[in-house]
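The values are calculated or read from the model by the stated rules, or taken from the named source; none is laboratory data. Please read all numbers here as calculations on a predicted model, not as lab measurements. Counting neighbours? That spans all protein chains shown, and the Cβs are built from the backbone with ideal geometry, glycine included. Keep in mind that these areas ignore ligands, DNA and RNA; they rest on the heavy atoms of the full protein, side chains included. Shrake-Rupley method; radii C 1.70, N 1.55, O 1.52, S 1.80 Å.
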Amino acid sequence: MKATPNPLRMPRFYLALAAATLAAGILQFRLGLAAPPELLFAWLGHLLGVPWIFNLVHALPWGLDAYAKYALLAASYLIVAGVGALFALWAAQRPWPLRLAAALGLALAGTGGVLLPLAGAGFFGLAPDNYAYPPGPALLAAAGLAALFALLLGGAAPRPATDAGRRRSLKGLALLAAAAAGPLRLARAAGDLWGRIRGLSPEITPTEDHYQVSKNVVNPRLRADRWRFEIGGLVETPLTLTLEDLKALPAVERPSTLICISNPVGGRLVGNSVWTGVRLRDLLERAGVRPEATELVLRAADNYSDSFPLDAALYEETILAYLQNGEPLTPDHGFPARLLVPGIYGMKNVKWLTRIELAGEDYRGYWQKRGWSDRAVVRTMSRIDTGVATPTGDGRVAIGGVAFAGRRGVRAVEVSFDDGRSWQAAELKPGSSRITWTLWRYLWKAEPGTYAVTVRAVDGEGRTQDPTPRPPLPDGATGYHRRKVRVV
Ligand SMILES: Nc1nc2c(c(=O)[nH]1)N[C@H]1C(S)=C(S)[C@@H](COP(=O)(O)O)O[C@H]1N2
Ligand SMILES: [Mo]
């Protein structure tokens with residue numbers, strides 16, 4: 001009897017795994033088809049509940065919380081690979097028709113036979129109407145993947161991996177890691193003091209540094225030529241616009257600050273970009289809002305939905321934006337168009353927007369059904385950006401950060417070196433608007449050492465930031481940011 005070849009030592013096995021993973025990735029990233037692992041994690045999330053996930057993610061140190069989703073995605077691909085490996089162990093010795101049949105069965109059972117009906121029944125915490133899982137393409141894709149996998153897998157005699165081969169793949173991995181590390185930041189050129197304070201956020205956040213949040217493990221990628229935007233519900237004339245139509249309308253351009261309701265005190269889920277788009281009230285005027293309408297329901301291509309009151313829609317600053325910092329929106333920031341409603345937390349700034357409905361009653365959106373605030377008015381926040389003070393050249397040192405108060409504007413920022421017993425006024429960078437954050441700095445003559453600094457802001461209505469520590473869920477975090485700052 002022949003010795004059983006170990007598939008783990010067959011180059012074809014790894015080729016098959018790589019091909020399957022690549023194909024699954026293409027399906028997910030290009031076609032927006034959810035892979036079974038995404039459903040699995042959506043289901044785990046549903047079981048755990050939002051507060052749990054939230055606490056777990058925010059317990060991660062060193063800013064890793066921002067990458068939690070990618071870790072999940074990586075884990076889900078490992079699961080795909082693991083199932084594939086088990087199958088491979090079994091299949092290596094079988095004739096190819098059997099191999100193919102088994103692979104097809106596995107793939108169809110995984111996607112079509114088990115997961116699709118469960119997803120459709122809302123089993124993954126995804127109501128059927130808020131999750132698009134097109135069965136046709138998904139089944140075809142699963143079958144294609146399985147066939148590829150089964151065909152690539154079999155036949156070849158085991159060939160022991162050589163050291164040279166192993167070294168090659170290590171080198172490949174290192175190259176991949178280097179590429180993933182991304183472009184090196186250019187050192188900030190020395191300029192005026194605002195620009196020289198090390199660690200201080202720039203006034204305008206470059207798009208690649210702007211935080212991203214969405215409910216999706218993998219975000220939708222929409223085609224500009226197929227995108228349609230509709231206004232319906234309680235209007236006189238329902239409206240449908242293409243991207244071209246939208247771009248042909250008079251546009252406004254202005255910086256505006258976006259903050260996620262899940263941003264913890266001192267957190268980085270806040271950014272300030274220049275957005276260009278069409279005033280929502282101009283669009284609503286064209287459609288003719290009926291007097292019974294009180295609320296807007298916004299729907300997006302990822303089957304996300306949210307709502308806000310009609311008066312917020314009529315703010316002069318509320319726009320349907322298609323440019324961020326002068327460039328078309330990136331896919332992750334909502335290409336081709338997203339809503340910006342200043343003063344209301346990020347979740348109501350719907351990305352990949354496809355439809356707005358005027359309604360006469362309150363509507364609970366995706367996050368409201370999961371326990372988050374419905375009013376979602378931005379609370380006053382302030383943050384210390386600098387971990388090390390910057391010498392100013394005249395014997396003093398400078399620290400700084402940002403402060404934001406939704407649509408109320410920032411009137412003052414104060415810092416304390418004695419845990420809030422006494423407060424000193426910080427300087428505000430001139431030129432910020434009511435709907436953007438304000439950069440602040442504080443200069444003093446300091447001996448080398450470590451200082452515990454606390455910051456607080458006063459909003460445009462004269463109200464001091466809320467000092468009570470509260471977690472982000474359900475209404476947004478409160479409490480003062482306190483941070484150790486070194487003077488060297
Ligand atoms: N369609 C859609 N829009 C969405 C979301 C989403 O998951 N789907 N997430 C919201 C949340 S919670 C936030 S904080 C903002 C983040 O926008 P950004 O990624 O451009 O910073 O988008 C909002 N818009
Ligand atoms: Mo958010």
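Details
- Charge dipole (Cα centre; +1 on Lys/Arg Cβ, -1 on Asp/Glu Cβ; no other charges) of the range 441-488 amounts to roughly 320 debye.
- Violating pairs (Cα-Cα greater than 20 angstrom) within the set K445/K484; K247/K351; K215/K351; K348/K429: K348/K429
- Rounded FRET efficiency, nearest 0.05, which uses the C-beta distance separating D466 from R281 and R0 of 41 Å: 0.85
- Percent RCO, i.e. relative contact order, over the range 207-370, from Cα pairs under 8 Å lying at least 6 residues apart: 29
- Calculated FRET efficiency for the pair K369/R434, C-beta based, R₀ 30 Å, to 0.05: 0.40
- Percent accessible area from carbon and sulfur atoms, the range 207-370, protein chains only, probe 1.4 Å: 48
- Take 296-304, 415-423 and order them by the average number of nearby Cβ atoms within 10 Å per residue, most first; the result is 296-304, 415-423.
- Normalising the average separation of contacting C-alpha pairs (under 8 angstrom, six or more residues apart) by the number of residues puts the relative contact order of the range 381-487 at 32 percent.
- Percent accessible area from carbon and sulfur atoms, the range 376-434, protein chains only, probe 1.4 Å: 47
- Stretching the chain fully between E327 and T237 yields a gain of 29.2 nm (0.36 nm per residue, less the alpha carbon separation).
- The range 268-337 and the range 469-486 have Cα centres lying 28 Å from one another.
- Counted residue by residue at 0.36 nm each, then reduced by the alpha carbon distance between them, the extension gain from Y70 to L56 reaches 3.6 nm.
- Taking every alpha-carbon pair under 8 Å whose residues sit at least 6 apart, the range 310-455 reaches a relative contact order of 17 percent.
- For the range 225-310, the solvent-accessible area of protein heavy atoms averages 41 Å² per residue (probe radius 1.4 Å; ligands and nucleic acids excluded).
- Accessible area (Å², per residue) of the range 352-459, counting only protein heavy atoms and a probe of 1.4 Å: 41
- Extension gain, T392 to R290, is 30.9 nm, computed as 0.36 nm per intervening residue step minus the present C-alpha separation.
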